[in-house]
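For reference, the structure discussed in these notes is given below.
The values are calculated or read from the model by the stated rules, or taken from the named source; none is laboratory data. Just so we're clear, the structure is a prediction, and the values are computed from it rather than from any experiment. Using ideal geometry, Cβ is built from the backbone for each residue, glycine included, and neighbour counts are taken over all protein chains shown. The protein model used for the area step is the full one, side chains on, heavy atoms only, and it has no ligands, DNA or RNA in it. Shrake-Rupley method; radii C 1.70, N 1.55, O 1.52, S 1.80 Å.
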Amino acid sequence: MKFALVVNLSKERAIKYAKKISLFLIDKNAEIAMIEECSQYFKGIHIHYSKNITELFEYCDMAITVGGDGTIIHAAKYAAKADKQLIGVNVGRLGFAADVEPHEYEQLERLLTGDYATEERILLDVEVIKEDGSKHYLAVNDAVVARGQLSKTIDLHLSLDGDEISKYRADGLLFSTPTGSTAYSLSAGGPILAPKMECILMTPVCPHSLFSRSVLFSGESELSVHVKIPEECCCVLTIDGEKNVPILATDRVVIRKSDLKLKLALLHNRNFYKLLNEKLKERDF
């Protein structure tokens, strides 16, 4: 079996456990693959190296991330496009999406025997329609249409299935998957959703109103936003906190459920709400 290892190379602890996982699985007759930039950290270990992450996911049978939630989110887009299962080993602070703690890495042997469950999560297809064409982006956690300057607010017009339903004066609008409801959406005051739900959560970011609340839409909904942007101000669409797309007043952002799904391999049958309570307690300093 071919495992792709996606490692957060900025964390020494992630590199340490990636070495342990590699040697452990190779000893069980599995093959380990990584992207070429990892080679300097894993000398002496028999690893197949791919030129880039797209090629890596095409080559592997399943992927293992070693890092935090950010590493999983980054890898998830490629896993979904390649229709490969993904499992995370958490060496970050919270690790909501990771199923395995570092000291449990030997349990990854169960992936070789099929002794695991699979859970599917919805993703968002975010389309930016400009005067000269359109482009699609895939979001695992969220997509945020927000102002690009601290001193200005923007007016956002929200439509559902082609009909305008609301106007917001706010710092932005945040559209989240159930998976992303424990991320930025939670900090913005949004509710927590069970990750297997199929719906789209919209939360205004710092609305200039006493009555603006989060709204939960059906997974079959098509939401769209256009923005009235003040002079000398700018607007940005941010995908999962890692991709920024400038938005003009003439642009339209369309958010819908993607046809692709994230398939997470699970070794534990954990109660989501119990796990959530334990993880959020870790935020208390």
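Given the structure, is His208 over 24 Å from Val140 (Cβ atoms), crowded, with 16+ Cβ neighbours inside 10 Å and not acidic (Asp, Glu)? No: the conditions fail for His208.
Being surrounded by fewer than 22 Cβ atoms within 10 Å (Cβ to Cβ) and over 13 Å from the mean Cα position of the chain (by Cα), is that true of even one residue in segment 141-148? Checked against the condition, which is being surrounded by fewer than 22 Cβ atoms within 10 Å (Cβ to Cβ) and over 13 Å from the mean Cα position of the chain (by Cα), segment 141-148 yields at least one hit. Residues in segment 64-88 that are under 13 Å from Asn8 (Cα atoms) and in a helix (DSSP H, G or I): Asp69, Gly70, Thr71, Ile72, Ile73, His74, Ala75.
Residues that are in contact (Cβ under 8 Å) with a residue 40 or more places away in the chain and of a type in the set (Gly, Ala, Ser) were ranked within segment 103-160; the one that is farthest from Asn90 (Cα to Cα) is Ser159. Quickly run through segment 94-111 and pick out the residues that are over 16 Å from Asn271 (Cα atoms), surrounded by 15 or more Cβ atoms within 10 Å (Cβ to Cβ) and touching a strand residue (DSSP E or B) at 6+ places or on another chain (Cβ under 9 Å). Correct list: Pro102, Tyr105, Gln107, Leu108, Leu111. Only one of the numbered conditions (1) buried (at least 19 other Cβ atoms within 10 Å of the Cβ); (2) touching an Asp or Glu at 6+ places or on another chain (Cβ under 7 Å) is violated by Leu5, and that is (2).
Among strands (runs of 3 or more DSSP E) lying entirely in segment 89-180, which contain 3 or more residues that are among the acidic types (Asp, Glu) and modelled with pLDDT of 95 or more?
Fully inside segment 89-180 and qualifying: 117-130.
Is at least one residue of segment 154-164 of a type in the set (Ser, Thr, Tyr) and either under 17 Å from the mean Cα position of the chain (by Cα) or open to solvent by 30 Å² or more (accessible area, probe 1.4 Å) (or both)? Please lay out each step first, then the result.
First, the residues of segment 154-164 that are of a type in the set (Ser, Thr, Tyr): 159.
Those still in the list that are either under 17 Å from the mean Cα position of the chain (by Cα) or open to solvent by 30 Å² or more (accessible area, probe 1.4 Å) (or both) too: none.
Within segment 154-164 (the criterion being of a type in the set (Ser, Thr, Tyr) and either under 17 Å from the mean Cα position of the chain (by Cα) or open to solvent by 30 Å² or more (accessible area, probe 1.4 Å) (or both)), the answer is no, since none of the residues qualifies.
Looking only at segment 21-40, residues that are loosely packed, with under 15 Cβ neighbours inside 10 Å, part of a helix (DSSP H, G or I) and touching a helix residue (DSSP H, G or I) at 6+ places or on another chain (Cβ under 8 Å) come to 0 in all. The residues of segment 73-93 that are open to solvent by less than 40 Å² (accessible area, probe 1.4 Å) and either of a type in the set (Ser, Thr, Tyr) or in contact with a Leu (Cβ under 7 Å, 6 or more places away or on another chain) (or both), listed by number, are Ala75, Ala76, Lys77, Ala79, Ala80, Leu86, Ile87.
A single member of Leu201, Leu266, Leu173, Leu223 is more than 21 Å from Ala139 (Cβ to Cβ), within 20 Å of the chain's Cα centre (by Cα) and not hydroxyl-bearing (Ser, Thr, Tyr), and it is Leu266.
Assuming Val253 fulfils every condition listed in (1) of a type outside the set (Phe, Trp, Tyr); (2) out of contact with any helix residue (DSSP H, G or I) (no Cβ under 6 Å at 6 or more places or on another chain); (3) closer than 23 Å to Phe96 by Cβ; (4) crowded, with 20+ Cβ neighbours inside 10 Å apart from one, which condition is it? The single condition Val253 does not satisfy is (3).
Check every one of the strands (runs of 3 or more DSSP E) wholly within segment 200-284 and list those with 3 or more residues that are in contact (Cβ under 8 Å) with a residue 60 or more places away in the chain. Quick ask: steps written out before the conclusion?
Numbers: elements: 215-218, 222-228, 235-239, 243-247, 252-266.
Counting at least 3 such residues, we get 222-228, 235-239, 243-247, 252-266.
Scanning segment 55-68 for residues that are surrounded by fewer than 24 Cβ atoms within 10 Å (Cβ to Cβ) and either at positive phi or not hydrophobic (A, V, I, L, M, F, W, C) (or both) yields Glu55, Glu58, Tyr59, Asp61, Gly68. Checked against (1) aliphatic (A, V, I, L, M); (2) under 21 Å from Glu232 (Cβ atoms); (3) surrounded by 24 or more Cβ atoms within 10 Å (Cβ to Cβ), Ala170 passes all but a single condition, namely (3).
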